């Protein structure tokens, strides 16, 4: 789904809270963006009034609450560290909604029994918004089930379990070290789920996370003949498709993650050896 128009606004910071470790949650008053936003789209934020950092930073839309847009982010680099210092009442220069989001209209002629959301680490960010959208679609398709598979390196890297549950998702967790949930990768959980789902029309996969994980999801989706949509992460310089700095190789040639993506069909992507 693609927004017909993006807005450049001054968004008021309503809250900017540390969730523990490097994880933060920010709520912005951005009614124009909130009205247009689709799950899987993102906003591009100028985090400083000077040239450090010079480029805007892209952030997935984590949720929408009325006129407010919520952002979940990890403060690791200079830009996100500046973001973490923003206080309630400050204003940020925000462009959005941008990009193509998930095609989550699974009730429209598609015999989908279960929507499987696969999140690796910070990949939970856009999938919570998707889960909320799918919850509304259950009124049209009461038999639709939504399952969230959440993976991380350890317990502290598992985020948003309560948010997924509130959206009506069943939640299954895995960690690399086994500190919570099943021990192993989230793609192992996905393979187990698909073994229990009979027929290629039984499931639809939506995934976001590191590229190696997404490549694994694509491989499993092909193995089970299940359609999958992947939200790709990339370094974006402009966020509007002008600089060609975030291209990905597809069966139809190179595509811009910020413009034609960030969501792509899994069978479109040509995976490089480094991924």
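The values are calculated or read from the model by the stated rules, or taken from the named source; none is laboratory data. Fair warning: this is a prediction, and the values are worked out from it, not measured in the lab. We place every Cβ from the backbone using ideal geometry, glycine too, and count neighbours over all the protein chains shown.
Residue 23 is checked against (1) under 19 Å from the mean Cα position of the chain (by Cα); (2) exposed (fewer than 15 other Cβ atoms within 10 Å of the Cβ); (3) at pLDDT 95 or above and fails just one. What number does that condition carry?
For residue 23, the exception is condition (2).
Among the residues of region 256-265, count how many are outside any loop (DSSP other than H, G, I, E, B) and crowded, with 21+ Cβ neighbours inside 10 Å. Break it down into steps so the answer makes sense when it comes.
At the first step, the residues of region 256-265 found to be outside any loop (DSSP other than H, G, I, E, B) are 256, 262-265.
Among the residues that remain, those that are also crowded, with 21+ Cβ neighbours inside 10 Å are: 256, 262-264.
Here the count works out to 4.
Is it fair to say residue 118 is touching a strand residue (DSSP E or B) at 6+ places or on another chain (Cβ under 8 Å), crowded, with 24+ Cβ neighbours inside 10 Å and modelled with pLDDT of 95 or more? Break it down stepwise before answering.
Numbers: touching a strand residue (DSSP E or B) at 6+ places or on another chain (Cβ under 8 Å): yes; crowded, with 24+ Cβ neighbours inside 10 Å: yes; modelled with pLDDT of 95 or more: yes.
Yes: the conditions hold for residue 118.
Touching a residue at least 60 places away in the same chain (Cβ under 8 Å) and more than 25 Å from residue 272 (Cβ to Cβ), is that true of residue 169?
Details: touching a residue at least 60 places away in the same chain (Cβ under 8 Å): no; more than 25 Å from residue 272 (Cβ to Cβ): yes.
In short, no.
If a residue has to be in a strand (DSSP E or B) and either under 23 Å from residue 246 (Cβ atoms) or touching a residue at least 24 places away in the same chain (Cβ under 8 Å) (or both) to count, how many in region 11-66 make the cut? Steps first, answer last, please.
If we filter region 11-66 for residues that are in a strand (DSSP E or B), which is where we start, we get 11-20, 23-29, 42-46, 57-60, 63-65.
Then drop every residue that is not either under 23 Å from residue 246 (Cβ atoms) or touching a residue at least 24 places away in the same chain (Cβ under 8 Å) (or both), which leaves 11-16, 18-20, 23-29, 42-46, 57-60, 63-65.
The qualifying residues number 28.
Out of the residues in region 27-50 that are in contact with a helix residue (DSSP H, G or I) (Cβ under 7 Å, 6 or more places away or on another chain) and surrounded by fewer than 23 Cβ atoms within 10 Å (Cβ to Cβ), which is nearest to residue 71 (Cα to Cα)? Show your work before the answer.
Applying the first criterion (in contact with a helix residue (DSSP H, G or I) (Cβ under 7 Å, 6 or more places away or on another chain)) to region 27-50 yields 39-40, 43, 47-48.
Adding the requirement that they be surrounded by fewer than 23 Cβ atoms within 10 Å (Cβ to Cβ) leaves 47-48.
On the way: 47: 14, 48: 17 Å.
Looking at residues that are in contact with a helix residue (DSSP H, G or I) (Cβ under 7 Å, 6 or more places away or on another chain) and surrounded by fewer than 23 Cβ atoms within 10 Å (Cβ to Cβ), I get 47.
Collect the residues in region 155-191 that are assigned to a loop (DSSP other than H, G, I, E, B) and over 18 Å from residue 128 (Cα atoms), keeping them in residue-number order.
Quick first cut of region 155-191, residues assigned to a loop (DSSP other than H, G, I, E, B) only: 158-160, 167-169, 176-181, 184-185.
Answer for region 155-191, where residues must be assigned to a loop (DSSP other than H, G, I, E, B) and over 18 Å from residue 128 (Cα atoms): 176, 177, 178, 179, 180, 181, 184, 185.
May I ask you to list the residues in region 134-143 that are under 30 Å from residue 180 (Cβ atoms) and surrounded by fewer than 20 Cβ atoms within 10 Å (Cβ to Cβ)? Break it down into steps so the answer makes sense when it comes.
Our first condition is that a residue be under 30 Å from residue 180 (Cβ atoms); within region 134-143, this holds for 134-138.
If the condition is that a residue be under 30 Å from residue 180 (Cβ atoms) and surrounded by fewer than 20 Cβ atoms within 10 Å (Cβ to Cβ), then 135, 136, 137, 138 are the ones that fit.
Going by what's in this entry, would residue 194 be described as modelled with pLDDT of 90 or more, closer than 24 Å to residue 141 by Cα and not assigned by TED's automatic domain parsing to the domain that holds residue 72? Before the answer, list the steps.
Details: modelled with pLDDT of 90 or more: yes; closer than 24 Å to residue 141 by Cα: yes; not assigned by TED's automatic domain parsing to the domain that holds residue 72: yes.
Spelling it out, residue 194 is indeed modelled with pLDDT of 90 or more, closer than 24 Å to residue 141 by Cα and not assigned by TED's automatic domain parsing to the domain that holds residue 72.
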